[in-house]
Each structure stands twice: as structure tokens, then as C-alpha cells.
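Working notes, beginning with the structure itself.
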Amino acid sequence: METSIRVALIEDDRRLRDSLSTLLAGSPGFSCIAVAGSVEEALRQRLAPPPDVLLLDIHLPGTPGSLGARRLAEKWPQAVILIHTVHEEDDKVFASLCNGAVGYILKRTPPARLLEAIREARDGGAPMSPEIARKVITLFRRIAPPAEPQAPLAPQELRLVGLLAQGHSYAGAAEELGVSLNTVRTYIRSVYEKLHVHTRSEAVSKALRSGLL
């Protein structure tokens, strides 16, 4: 049996915190191992074994989550940080990502997609709500220097990378492309080989810098 994904919640809204804790406790494959109302409260906790995923709000008393992400990453380097917030302002998005968050999910995200995002983050992905993914792509295109084109991607491979850049999971991309999840995995292996990368975030980054998207 797969070990449950250990999630620590850092959220100051007690009602939402309780709701998220209940969601995790009632979802197979997930467990809520700790809750905190601030970055400072979380840092005082001793968690053994450490969390797999920190679900972190931005608007918190004391240190905002966008800045506290760095301190949390230093305390639990094994954990990945997933921002879960109502805020989608550019400065908060980019501060969070620069300070160690691997993904950024808005609170209006349905529970099933949130659970999928938590699993995706634990498995090495970079889940983002579509609105956030567009902001990141826009900024990246504005600041990234041009790079030499890489090996050309097949049309379906290019479409797949574009869907991943928009924040789709592999399962969501498979549905959009009208293919099986196994076919998507075959495409992504080919993309990795052609672009000389090892993760989806590297693939999206290199495709953007190369002008493929």
C-alpha cells in the first residue's frame, strides 16, 4: 500500500483550516499531520517524520507566506511548498516561487483538483492554477533571453508542453489531447530527451526560452 502523503496546513482562517484538515483526513492516500495559523507557529513545531507537502497561505499574521516559504524550506528541506491562497497579484506570486514554493493554487480550486495538485507537487510537479500559469508565462517571456532552438517537437508533444505550461496535470492533458495517460507519459519522455531536461518545469522553461511556445 502506498504511504499516505503527509500534509501540514499553514492557514489562519480556522474554518477553512478545519475544512481542509477534514478533506485530507477523509481522502485515501492523504493525512494531515499538523496545522498552524502562522509561519512562526509552524516553525515552532517538531514534526517527525517531516511533512511531504506544506500547504501554505500567503495572507498570514506575522510573516506573509510569500516570504516565509524560504524559512519553512530551510526547516523542512525534504518537503515541497504549495501555495494555497486567494491572492494572485504578480508580486506575491513571484515572491512565493522565488522563495521556494513549487506551485500556486487558488482557493477557489475544487477539492478534487487541490488533492491532485498536492500529489503532483509531492511527485515532483509544479501545479498551478491556470490564471497563475499565465502570469508566470507572461513574465518569463518578458525577462528571459532568447535561446537556441532545441530539437523540434512533434505537434502533439508541443501541444502537451503548452498544456503543462497552462497548469494542466498529466491526466488533464491526456483528456485535452484525447489520448491515454500512458501515451502522455510516452510523449513526455520524448520531450525530456529532445530538450535534454529531467522535469516538467524544466521542459516548460526551456520551451519558453527557446521560443517553442
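The values are calculated or read from the model by the stated rules, or taken from the named source; none is laboratory data. Quick caveat: nothing in here was measured; it's all calculated off a predicted structure. Using ideal geometry, Cβ is built from the backbone for each residue, glycine included, and neighbour counts are taken over all protein chains shown.
Is it fair to say LEU72 is buried (at least 21 other Cβ atoms within 10 Å of the Cβ) and under 18 Å from ARG122 (Cα atoms)? Before you say what the answer is, go through the steps one by one.
Values: buried (at least 21 other Cβ atoms within 10 Å of the Cβ): yes; under 18 Å from ARG122 (Cα atoms): yes.
Criteria met by LEU72.
One line per residue, one yes/no per condition, for (1) modelled with pLDDT under 80; (2) surrounded by 13 or more Cβ atoms within 10 Å (Cβ to Cβ); (3) outside any loop (DSSP other than H, G, I, E, B):
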residue: ARG113; (1), (2), (3): no, yes, yes
residue: ALA117; (1), (2), (3): no, yes, yes
residue: ARG159; (1), (2), (3): no, yes, yes
residue: HIS168; (1), (2), (3): no, yes, no
residue: TYR187; (1), (2), (3): no, yes, yes
residue: GLU193; (1), (2), (3): no, no, yes
residue: LEU208; (1), (2), (3): yes, yes, yes
residue: LEU212; (1), (2), (3): yes, yes, no
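Just a yes or no: is a residue in the stretch 30-40 over 26 Å from LEU67 (Cβ atoms) and buried (at least 18 other Cβ atoms within 10 Å of the Cβ)? The answer is yes, given that some residue of the stretch 30-40 is over 26 Å from LEU67 (Cβ atoms) and buried (at least 18 other Cβ atoms within 10 Å of the Cβ). Within the stretch 1-29, work out how many residues are among the basic types (Lys, Arg) and surrounded by 13 or more Cβ atoms within 10 Å (Cβ to Cβ). The qualifying residues number 2.
Would you check if LEU82 is under 16 Å from the mean Cα position of the chain (by Cα) and either closer than 19 Å to GLY167 by Cβ or not hydrophobic (A, V, I, L, M, F, W, C) (or both)? So LEU82 fits the description; yes.
Restricting to the stretch 170-185, give me the number of residues that are in a helix (DSSP H, G or I), hydrophobic (A, V, I, L, M, F, W, C) and touching a residue at least 12 places away in the same chain (Cβ under 8 Å). Break it down into steps so the answer makes sense when it comes.
Going through the stretch 170-185, the residues in a helix (DSSP H, G or I) turn out to be 170-177, 181-185.
Then drop every residue that is not hydrophobic (A, V, I, L, M, F, W, C), which leaves 171, 173-174, 177, 181, 184.
This time we only want the ones that are touching a residue at least 12 places away in the same chain (Cβ under 8 Å), so: 171, 173, 177, 184.
Within the stretch 170-185, residues that are in a helix (DSSP H, G or I), hydrophobic (A, V, I, L, M, F, W, C) and touching a residue at least 12 places away in the same chain (Cβ under 8 Å) number 4.
Collect the residues in the stretch 46-63 that are in contact (Cβ under 8 Å) with a residue 24 or more places away in the chain and over 15 Å from the mean Cα position of the chain (by Cα), keeping them in residue-number order. If the condition is that a residue be in contact (Cβ under 8 Å) with a residue 24 or more places away in the chain and over 15 Å from the mean Cα position of the chain (by Cα), then LEU47, PRO49, PRO50, PRO51, HIS59, LEU60, PRO61, GLY62, THR63 are the ones that fit. Checked against the criterion of being outside any strand (DSSP E or B), hydroxyl-bearing (Ser, Thr, Tyr) and touching a Gly at 6+ places or on another chain (Cβ under 9 Å), the candidates THR22, THR3, THR63 yield just one match: THR3.
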